[in-house]
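The values are calculated or read from the model by the stated rules, or taken from the named source; none is laboratory data. Small disclaimer: the values here were computed from a predicted structure and weren't measured. Note: ideal-geometry Cβ built from the backbone for every residue, glycine included; neighbour counts use all protein chains shown.
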Amino acid sequence: MTAMENLPAEIVGICVLCGSGDFEKLFSCEDRLYRLPGFFALVRCSGCGLYRLSPRPGSKDLPYYYPEEAYHSYQKPGVSALTVKDRGRLGVLRDAIRLSVLRSLGYPVSHTSRWQSAVGNMAAGIFRNRALYGLSYCFPPYFPDGRALDIGCGNGAYLSYLKPHGWQVFGVDVSSQAAVVAKSVFDIDVFVGELNDAPFSYESFDFVHMSHVIEHMTEPIETLKRIAQLLKPGRVVYIETPNADSDGFRTMGKYWFPLEAPRHVYLFSPKTLREAIHKAGLRTTGIWSTFFPGAFSWEDTYRREEIDGTLIPGRPTLRNTRIPRALTKFMASRIRHAFNAFNGDILHAWAMRPIG
């Protein structure tokens, strides 16, 4: 038994969203990704349906579950704005498409020839996501002299895509190692610590990005309220988080990769995410879900590791005998997605601070 197993767990008796003290316990869970010690419980609020860990690690103990030598967003990124390569004639075509897509978002772009504009406009719809570095779902519209804040920015990879397009970029993260990587690789300054302690003025940002962060926050509503204060009226925030209403969570339960206990202390559904955004004084402008195909490999890996009691080399892996089942379930979920846009593993939401 390690010292961490003797540390007291924190009971969360009241729902942070609706204030109810009634809940249903679903199952016990543990750290399956790094196999760090500790046992926790996932409960569902009987009042509003928000999921939370209770008991969970205390606020002072949470950093233990983010090993800096292993946690992915603290490492030097393999893909970033620096890895976008010039590819001769294909690069010219790619740039023409990118300029066309950026123009549609209001960005002032350099002059292009007639043929480049024509080809770019025709191909923009098909290659929109690739033109925006695979970030079309979270790439912000243009604001003159725009200031962007990435909360939980990690190594700064996301901000590296905004910086070349005229954005003044700022990051916040609790990891000093991540801040060192962001500065050394991208020359991006990152405030190390909590958002409430960062020296940002009210109404000083045009865009806030928070991808896979809100589920880590012990006070997610207060975080959203702080975001509302930092945004200028009419400006926007993008939020991405695991979806508690997904087919994956419903069928995989404690083996669902995005559960990621105990780092994820809250799980939102489309309903509870909307309510949290509204409670903070923001207005949801768009919300949808997407799938995480790797969930099947992780589910199979976690189940086998639970039996074997050790990590599987080369994880995650999916046994050949499980591939037909995974493909069948994935295709069934995609078909249901045509009738239910909220059954995917990951929620995406845009919100804005209302004017007035």
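Being among the charged types (D, E, K, R) and either at pLDDT below 80 or out of contact with any helix residue (DSSP H, G or I) (no Cβ under 9 Å at 6 or more places or on another chain) (or both) is the filter here, so list the residues in segment 77-103 that pass it.
The answer is K85, D86, R87, R89, R94, D95.
Quick one: which residue in S176, S211 is within 25 Å of S80 (Cα to Cα), small (G, A, S), surrounded by fewer than 20 Cβ atoms within 10 Å (Cβ to Cβ) and outside the structural domain of I11 (by TED's automatic domain parsing)?
When all the criteria are applied, what remains is S176.
Of everything in segment 58-89, what is over 20 Å from V192 (Cβ atoms) and either charged (D, E, K, R) or assigned to a strand (DSSP E or B) (or both)? Give them in sequence order.
K85, D86, R87, R89 - these are the residues of segment 58-89 that are over 20 Å from V192 (Cβ atoms) and either charged (D, E, K, R) or assigned to a strand (DSSP E or B) (or both).
Given (1) in contact with a Ser or Thr (Cβ under 9 Å, 6 or more places away or on another chain); (2) at pLDDT below 95; (3) closer than 21 Å to E69 by Cα, identify the lone condition not met by V192.
With respect to (1) in contact with a Ser or Thr (Cβ under 9 Å, 6 or more places away or on another chain); (2) at pLDDT below 95; (3) closer than 21 Å to E69 by Cα, V192 is out only on (2).
Restricting the search to segment 32-52, which residues are closer than 12 Å to V265 by Cα and assigned to a loop (DSSP other than H, G, I, E, B)?
Residue satisfying the conditions is L50 alone.
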